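Please read the structure below before turning to the comments.
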Amino acid sequence: MGKTILITGGAGFIGSHVVRLFVKKYPQYTIVNLDKLTYAGNLENLKDIENEPNYIFERADIVNAEEIFVLFEKYSFDGVIHLAAESHVDRSIANPMEFVFANVVGTINLLNAAKKSWNNMEGKRFYHVSTDEVYGSLGDEGLFTENTAYDPRSPYSASKASSDHFVRAWNHTFGLPVVISNCSNNYGPNQFPEKLLPLFINNIITEKPLPVYGKGENVRDWLFVIDHARAIDLIYHEGKNGETYNIGGHNEWKNLDLIKLLCSIMDKKLKREPGTSEKLITYVKDRAGHDLRYAIDASKLQKELGWVPSLQFEEGLEKTVDWYLANKEWINNVTSGDYQKYYKEQYEERK
């Protein structure tokens, strides 16, 4: 029962919710959170559990193979939940190699460390968390299933597709016990404000323009981050080795419709005249290679493991807005000045 689990990227948006869930739900486990603390990793996300007896933080870079091997020797991990990744499409267009190193080389380093460490594979599991963007773009109809052919369109999705293939290769070639999940767009508390919802919430608060790509017709399936963490928990413990599970919110929205809903909620929360925030919408040149539509068929996860989303989107969006309005200091901290200095200071204070 006393497993030691490595969660990579655990100071990030999704990772912090997974770490919190595992630390609180499984006091018999030791949870080791590995994070490089880049601009998107923030130990403030985990202040409420940082002193729990079954939680350990290790600052390390998955691209550094030696660091990873040392950690596997130190802790003798029983399992890995791998979330650490560069994830912002615009950044991948500007600097593809950064994504190759973090998402591909970093994943291979973890796979190699697990293969070397796990002489006996029984009870071990390597869980790789991926994205629906590996499947490419859908037309007006249809859904991504676990059997959809890969067709990545951006450097980010290409790097994640590559890492998915390497995980499967280590399973087939070396017998490493693996599972993979591909999820739709996450939203909720603690998301770095380069992503659509926290960026727009912050811009509405500060009355800055809301930059909408193209005509705002791109469609995304939105998943509340805590529901994603619940799905990861379920797949880690009950999923079948070698299998892939799609995680989606059954919740498609055109970007423009979503933004207008957000504007309406923000006007109410900020006690502004209806329509005030919507006037901030500004149409900008579309992103290069912008996929039109993503939508996940999560029926396999529902039928085999019993997972369903817990929140309707409007309820989840209101909870998200409430969190950002109550945590303006958090937004100010992560959006101001020298990110690296800020996070390094956080780490040094908590050592």
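The values are calculated or read from the model by the stated rules, or taken from the named source; none is laboratory data. Keep in mind that what you see is a predicted model, and the values were worked out from it rather than measured. So basically every Cβ, Gly included, is an ideal-geometry build from the backbone, and we count neighbours across all protein chains shown.
Here are the numbers:
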quantity: Residue within region 22-41 that is of a type in the set (Asp, Glu) and surrounded by fewer than 20 Cβ atoms within 10 Å (Cβ to Cβ) present; calculated: no
quantity: Condition check for Glu304: modelled with pLDDT of 95 or more, over 23 Å from Glu194 (Cβ atoms) and not in a helix (DSSP H, G or I); calculated: no
quantity: Qualifying position, being part of a helix (DSSP H, G or I) and either surrounded by fewer than 18 Cβ atoms within 10 Å (Cβ to Cβ) or not charged (D, E, K, R) (or both), among Met97, Met121; calculated: Met97
quantity: Index of the failed condition, Val89 passing every other in (1) of a type in the set (A, V, I, L, M); (2) at pLDDT 95 or above; (3) in contact with a Phe, Trp or Tyr (Cβ under 7 Å, 6 or more places away or on another chain); calculated: (2)
quantity: Pairs, first in a strand (DSSP E or B) in region 177-189, second basic (Lys, Arg), C-beta under 6 Å, six or more apart; calculated: Asn185/Arg220
quantity: Residue that is on the phi < 0 side of the Ramachandran plot, within 12 Å of the chain's Cα centre (by Cα) and of a type in the set (Val, Ile, Thr), where the choices are Ile201, Ile232, Ile205, Ile265; calculated: Ile232
quantity: Every residue from region 211-261 that is more than 19 Å from Gly306 (Cα to Cα), part of a helix (DSSP H, G or I) and charged (D, E, K, R); calculated: Asp257, Lys260
quantity: Which numbered condition Lys271 fails, given (1) surrounded by 14 or more Cβ atoms within 10 Å (Cβ to Cβ); (2) in a loop (DSSP other than H, G, I, E, B); calculated: (1)
quantity: Given (1) of a type outside the set (Gly, Ala, Ser); (2) more than 22 Å from Val225 (Cβ to Cβ); (3) in contact with a Phe, Trp or Tyr (Cβ under 9 Å, 6 or more places away or on another chain); (4) modelled with pLDDT of 95 or more, index of the condition Phe57 fails; calculated: (2)
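For (1) over 23 Å from Ser181 (Cβ atoms); (2) buried (at least 22 other Cβ atoms within 10 Å of the Cβ), each residue gets a yes or a no:
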residue: Val63; (1), (2): no, no
residue: Phe69; (1), (2): yes, no
residue: Asp78; (1), (2): no, no
residue: Ile81; (1), (2): no, yes
residue: Asp90; (1), (2): yes, no
residue: Ile93; (1), (2): yes, no
residue: Val104; (1), (2): no, no
residue: Lys115; (1), (2): no, no
